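Below is one structure; the comments refer to it alone.
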Amino acid sequence: MIENRPWLTFISHCVLIIGVIVVALPIWVAVVASTHPAEAFGQGSIPLWFGNYATETWQRVLFSAAGNGVDVPVWRMMLNSLIMALSIALGKIAISLISAYAIVFFRFPLRSFCFWLIFMTLMLPVEVRILPTYEVVAKLNLLNSYTGLALPLIASATATFLFRQAFMAMPGELVEAARMDGAGPVRFFFDILLPLTRTNIAALFVILFIYGWNQYLWPLLITTDDAYYTLVMSIKRMVSVADGAIEWNSIMATTILAMLPPVAVVIGMQKMFVKGLVDSEK
Amino acid sequence: MAAVVLNKVGKKYPNGFHAIPAVDLDIKDGEFIVLVGPSGCGKSTLLRMVAGLETITDGELTINGKRMNEKEPADRDIAMVFQSYALYPHMTVAGNMGYGLKNRGVDKDTIEQKVNDVATMLDLSHLLDRKPRMLSGGQRQRVAMGRAMVRDPQVFLFDEPLSNLDAKLRVQMRVEIRQLQKKLGTTTLYVTHDQVEAMTLADRLVVLNQGHAEQIGSPLELYDKPATPFVAAFIGSPSMNLFSATLESNKLNIGGDSGFSLAADHEFEGSVVWGIRPEHLVVCEQNEDFKIRVKAVESLGAETLIYGAIEGVEEELVLRLSGPHQPEINSDICLQAPQEKWHLFDANTQQRLS
């Protein structure tokens, strides 16, 4: 719609500005709150401009202890979250690539059965199978470990499905040309398939990284050791202190920090993300 | 360089469909063979069977005397140019051309050397660092050929390589392919549905119809002595005029009672298919064999195609005259059909009567 109507421009700008305010205001409040002393937020009035308590809050939160009963500094929890999110994203991508490769390019007995079996796990997200999964992880002695955090979340039907579609869209003559050129299955996978699906991989990485980063229930269940706390679940812990004042300033600072990595990933991979979802250079 | 022999090669799909019953073909070393036929005649399937991309279910394929039926495509020492070119989009031109050699463990310097040689031959040297998407259609086609040539294979296989190019480029590439093949002397199997391409390129043509090799021979042999009405209609443009007719007591009757008859010096008696090429009909003032009523005229400058019908005969007829002509629509033209240019086929067996 390319029209020159001043009123339309005005109204659409209004709508957009309201939208931006609605989305941005809570973040703004969080930033501002982290610069005030702990009590300021609880007094009923919400400050809308920076206080002069910023350095103290941020220093404490980042390097000594997050407060509110969480004794490890935020950087440690960020590291935990990062390890978990990365292992989930990369693990999912690796497993899905391989399984989609098998399903699309190899003829073996029960091939479509295998595919549907994987596909059915879509109906069984972690929340549904949380108790049996917990038991398995506990019996494998994986409680309070990075493996335990990431492994149960790695198996992924969505990613397998996405790669299956990407592989099936691969022109048949390209596959045949590679065969004529003497590329065996492994060579073909690394030389042809991976480079051609790299935009899909990037798009999926963004989605899966955020999925991994935002995990709440599972880390809450299997970590009891502060050393393995992830950022997102810790925020909840910080809010539910048994008695005493909630340190809203440190919570807000932590929240801001928790938002940064996903934002960074999205911004950093935006171009490839869009490319991977929209077109494919084939 | 190698001889390729197809001995009763056939293809039967698991669902019982017999795509190719049995093809016998003896390709001599360095020969340029074109497989031609309408779409769905099995020409691509046959080529892919030689390539090893389709399994051979019957018969035997040998290259240089060695049985190839069970060999992987990469082990047959052949190279193929695909219709879509199938260039690897993420590799440079040099990477595309060298990939086959790389997989065969050839060292880097040799690959570079060979790629450069072929690139010079195909006039691609200045494009070696580009990706396929930055190339024009003609250039991509060259890269695809270069990829095949770099490996210096025993046999080239082409699967309708020119069908994605515009008409002018197609003619140009056609000439180029022919010259390259002569220069390299590599045995070549080429699939096309375009009969002009087939005629101009081939040492020998194989006309396929529903998986059968209807006729195998040089382009002129097929033009002069088509073995069946199918070949007769397929080779030559515009295609041959074919009429169902009966031959009895030295008279050729066309179009039943209302049609006309020609004196024929032939022993055969019974129903036949009579054919004459549009360019062999002669316009005459007197002693005409028959008249046609003009229905449409196509002036192409160098030649004129006149479409018409003979009274009482169902089949339409095309007449090809050189130079410009402007006959009136619905006017009559008198024609002679010289008997030495006739093609007669037995209507029952569809075989040529000599």
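The values are calculated or read from the model by the stated rules, or taken from the named source; none is laboratory data. Note that the structure is predicted; figures quoted are calculated from it, not measured. Positions of Cβ are backbone-derived with ideal geometry, glycine not excepted, and every protein chain shown enters the neighbour counts.
Of all residues in segment A:203-214, those that are closer than 15 Å to A:LEU149 by Cβ and modelled with pLDDT under 90 have Cβ atoms under 6 Å from Cβ atoms of residues that are among the polar types (S, T, N, Q) and crowded, with 20+ Cβ neighbours inside 10 Å, 6 or more apart or on another chain, in A:TRP213/A:SER81. Elements of the type strands (runs of 3 or more DSSP E) sitting completely within segment B:212-254 and holding at least 3 residues that are within 16 Å of the chain's Cα centre (by Cα) and farther than 21 Å from B:GLU267 by Cα: these cover B:212-217. The helices (runs of 4 or more DSSP H) found entirely in segment B:34-127 that carry 1 or more residues being within 12 Å of chain A (Cβ to nearest Cβ) are B:43-51, B:93-103.
Among all positions in segment B:150-161, there is no residue which is more than 14 Å from chain A (Cβ to nearest Cβ), without any contact (Cβ under 8 Å) to a residue 60 or more places away in the chain and in a helix (DSSP H, G or I).
Just give me the residues in segment B:315-352 being surrounded by fewer than 16 Cβ atoms within 10 Å (Cβ to Cβ) and within 22 Å of B:PRO226 (Cβ to Cβ), in sequence order. Passing the criteria: B:GLU315, B:GLU316, B:PRO338, B:GLN339, B:GLU340, B:LYS341, B:ASN348, B:THR349, B:GLN350, B:GLN351. Among residues of segment A:196-230 being of a type in the set (S, T, N, Q) and over 15 Å from A:SER81 (Cβ atoms), the one that is farthest from the other protein chains (Cβ to nearest Cβ) is A:THR224. Mind checking which residues of segment B:273-303 are of a type in the set (Lys, Arg) and surrounded by fewer than 17 Cβ atoms within 10 Å (Cβ to Cβ)? B:LYS291, B:ARG293, B:LYS295, listed by residue number.
Kindly state which strands (runs of 3 or more DSSP E) lie completely within segment B:282-354 and contain at least 1 residues that are without any contact (Cβ under 8 Å) to a residue 12 or more places away in the chain and in the same structural domain as B:ALA245 (by TED's automatic domain parsing). Per the criteria, B:290-299.
Checking A:MET77, A:MET84 one by one, the residue that is modelled with pLDDT of 80 or more, touching a strand residue (DSSP E or B) at 6+ places or on another chain (Cβ under 9 Å) and closer than 23 Å to A:TYR229 by Cβ is A:MET77 and no other. If I ask for residues that are of a type in the set (A, V, I, L, M) and assigned to a helix (DSSP H, G or I), which ones from segment A:130-147 would you list? Once the filter is applied, which keeps residues that are of a type in the set (A, V, I, L, M) and assigned to a helix (DSSP H, G or I), segment A:130-147 yields A:ILE130, A:LEU131, A:VAL136, A:VAL137, A:ALA138. Kindly indicate the residue of segment A:203-239 that is among the small types (Gly, Ala, Ser) and over 8 Å from the mean Cα position of the chain (by Cα) and also surrounded by the fewest Cβ atoms within 10 Å (Cβ to Cβ) among those meeting that condition. Here the residue is A:ALA227.
Every residue, every condition in (1) in a loop (DSSP other than H, G, I, E, B); (2) over 16 Å from A:LEU220 (Cα atoms); (3) within 16 Å of the chain's Cα centre (by Cα), yes or no:
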{"site": "A:GLY91", "(1), (2), (3)": "no, yes, yes"}
{"site": "A:ILE103", "(1), (2), (3)": "no, yes, no"}
{"site": "A:SER112", "(1), (2), (3)": "no, yes, no"}
{"site": "A:TRP116", "(1), (2), (3)": "no, yes, no"}
{"site": "A:PHE119", "(1), (2), (3)": "no, yes, no"}
{"site": "A:VAL128", "(1), (2), (3)": "yes, no, no"}
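For segment B:132-142, the condition holds for no residue, the condition being that it is surrounded by 15 or more Cβ atoms within 10 Å (Cβ to Cβ) and either farther than 28 Å from B:ASP194 by Cβ or of a type in the set (Val, Ile, Thr) (or both).
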